[in-house]
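One structure is given below, represented as structure tokens, and several questions about it will come after.
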Amino acid sequence: MPASLGRLTRCAVLTALALALSVAEGLVPLTVIFPLPGLRLGLANLVTVYALCRLSGREALLILAARCLLGSLVGGNLTALAFSLTGGLLALGVMAAALRLPGTSLFGVSIAGAAAHNTGQILAALAVLQTQAPLVYLPPLLLCSLVTGAVTGGISTLLVRRVPAAPFERKSL
Amino acid sequence: MRLPAAERRRPGPGDGIIAALVIAAAVVLLLLLRPASGDVLTATVLLDGAQVGQYDLSGVEQSFLLPLEGTAYPVVIELQPGRVRVAESGCPSQDCVHTGWADSPGEQIICLPNRLVISLSGTDHPDFDAVTG
């Protein structure tokens, strides 16, 4: 299998996984238990963390963009696309930076990512609604991101440890 | 490419710093956004950034339902003495309905698909002239 085909395949598999995770998460929204708009566990972010750790920043970006585009086709509207892209891109950038910090584990990286995602979504909401009203949701969302980030951080630690990039690359290297 | 964070098994000091930064940001925002408290509770309804109505909740005598006009999906808000909620909405996410009652200054109910914001504010002016839309 040529190297480029291998890369394409693993990106496609991870995109499908991210899409499935975000749809699955939408079926069981956390907001029913705790009514805070925008609150979610951020399972799709696991794929971004994995791609950043085991693939490359470029591939993580491609997977994210494809997931957001396909997600808005499945879920249905342009506003949702603006939201998932601003949140997702901000989270990706912040996590890529946090991964390079000394003394930091995937817990910190995921918390930073969750907080960045929430901030991005609130920024998008500010732009869409054209009032500063959504800012009120940011402090509680940031505090919740400590919990959701820690949960996804724990899962991604396992994921990155147990699923090395090697199975994807055995033939191409 | 070797990333130190990807190989760490246990949380380190960097994680503590990140968590502390997130908490600090939340606390600073909370302080900045602290609402003015007052005796008179006012609900302001914004649609697409424009004010379409303002209701003095302290002056509401009994519960009533108010269908909003001009929204993308049909919305009915319910006003009661001192509180307000979105009773029904045709929007797909239903976040606004799940938010439930808002009853204190600074609280917001947001329906993103409808670009609708209901924000509560408190004032101290007992001679507040209620403007309804």
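So, in region B:20-78, of the ones that are assigned to a loop (DSSP other than H, G, I, E, B) and of a type in the set (Asp, Glu), which residue ends up nearest to A:Thr148 (Cα to Cα)? Even if it seems obvious, please write down each step before you answer.
So in region B:20-78, the residues assigned to a loop (DSSP other than H, G, I, E, B) come out as B:33-39, B:48-49, B:60-63, B:68-74.
From what's left, of a type in the set (Asp, Glu): B:39, B:48, B:61, B:69.
Numbers: B:Asp39: 37, B:Asp48: 31, B:Glu61: 42, B:Glu69: 38 Å.
By that ranking, first place goes to B:Asp48.
So, of the residues in region B:103-131 that are among the hydroxyl-bearing types (Ser, Thr, Tyr) and under 20 Å from B:Val52 (Cβ atoms), which turns out to be modelled with the highest pLDDT?
B:Ser119
Conditions tested, residue by residue: (1) crowded, with 16+ Cβ neighbours inside 10 Å; (2) touching a Pro at 6+ places or on another chain (Cβ under 9 Å); (3) facing chain A (nearest Cβ under 9 Å).
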| residue | (1), (2), (3) |
| --- | --- |
| B:Leu3 | yes, no, yes |
| B:Val22 | yes, no, yes |
| B:Ala26 | yes, yes, yes |
| B:Gly53 | yes, no, no |
| B:Ser58 | yes, yes, no |
| B:Glu61 | no, yes, no |
| B:Arg85 | yes, no, no |
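Could you please let me know if B:Ser89 is touching a strand residue (DSSP E or B) at 6+ places or on another chain (Cβ under 8 Å) and either surrounded by fewer than 20 Cβ atoms within 10 Å (Cβ to Cβ) or within 10 Å of chain A (Cβ to nearest Cβ) (or both)?
no
Also, quick follow-up: Looking at (1) over 30 Å from A:Gly108 (Cα atoms); (2) assigned to a loop (DSSP other than H, G, I, E, B), which is the one condition that is false for B:Arg9?
That leaves (1) as the condition not met.
Picking from A:Cys68, A:Cys53, which residue would you name as being within 13 Å of chain B (Cβ to nearest Cβ) and within 19 Å of A:Ala12 (Cα to Cα)?
A:Cys53
Also, I was wondering about something else. Using beta carbons and a limit of 8 Å, which pairs, at least six apart or on different chains, have the first residue in region A:17-40 and part of a helix (DSSP H, G or I) and the second one of a type in the set (Asp, Glu)?
Once the first residue is part of a helix (DSSP H, G or I) and sits in region A:17-40, its partners that are of a type in the set (Asp, Glu) give A:Thr31/B:Asp95.
For region B:70-81, does any single residue satisfy the condition of being at the interface with chain A (Cβ under 10 Å from one of its Cβ atoms), crowded, with 20+ Cβ neighbours inside 10 Å and within 17 Å of A:Ala133 (Cβ to Cβ)?
No; the residues of region B:70-81 include none that is at the interface with chain A (Cβ under 10 Å from one of its Cβ atoms), crowded, with 20+ Cβ neighbours inside 10 Å and within 17 Å of A:Ala133 (Cβ to Cβ).
Got at least one residue in region A:78-100 being modelled with pLDDT of 90 or more, facing another protein chain (nearest Cβ under 9 Å) and surrounded by fewer than 17 Cβ atoms within 10 Å (Cβ to Cβ)?
Yes, that holds for at least one residue.
Another question about this same structure. Kindly indicate which of B:Leu47, B:Leu30 is at the interface with chain A (Cβ under 9 Å from one of its Cβ atoms) and surrounded by 13 or more Cβ atoms within 10 Å (Cβ to Cβ).
Working: B:Leu47 fails: at the interface with chain A (Cβ under 9 Å from one of its Cβ atoms).
None of the others qualify; the one that does is B:Leu30.
So, in region A:149-173, exactly how many residues are at pLDDT below 85 and buried (at least 18 other Cβ atoms within 10 Å of the Cβ)?
1
Among (1) more than 8 Å from chain A (Cβ to nearest Cβ); (2) free of Cβ contacts under 8 Å to residues at least 24 places away in the same chain; (3) β-branched (Val, Ile, Thr); (4) surrounded by 14 or more Cβ atoms within 10 Å (Cβ to Cβ), which single condition is B:Thr42 missing?
(2)
Which of the residues belonging to region A:55-77 are under 17 Å from A:Gly26 (Cβ atoms) and without any contact (Cβ under 8 Å) to a residue 12 or more places away in the chain?
A:Leu73, A:Gly76, A:Asn77
So which residues in region A:123-148 are of a type in the set (Gly, Ala, Ser) and modelled with pLDDT of 85 or more, if there are any at all? Spell out how you get there, then give the answer.
Residues of region A:123-148 that are of a type in the set (Gly, Ala, Ser), as a first pass: A:124-125, A:127, A:133, A:145.
The answer is A:Ala124, A:Ala125, A:Ala127, A:Ser145.
The values are calculated or read from the model by the stated rules, or taken from the named source; none is laboratory data. For clarity, every value in this text was computed on a predicted model and none was experimentally measured. Counting neighbours? That spans all protein chains shown, and the Cβs are built from the backbone with ideal geometry, glycine included.
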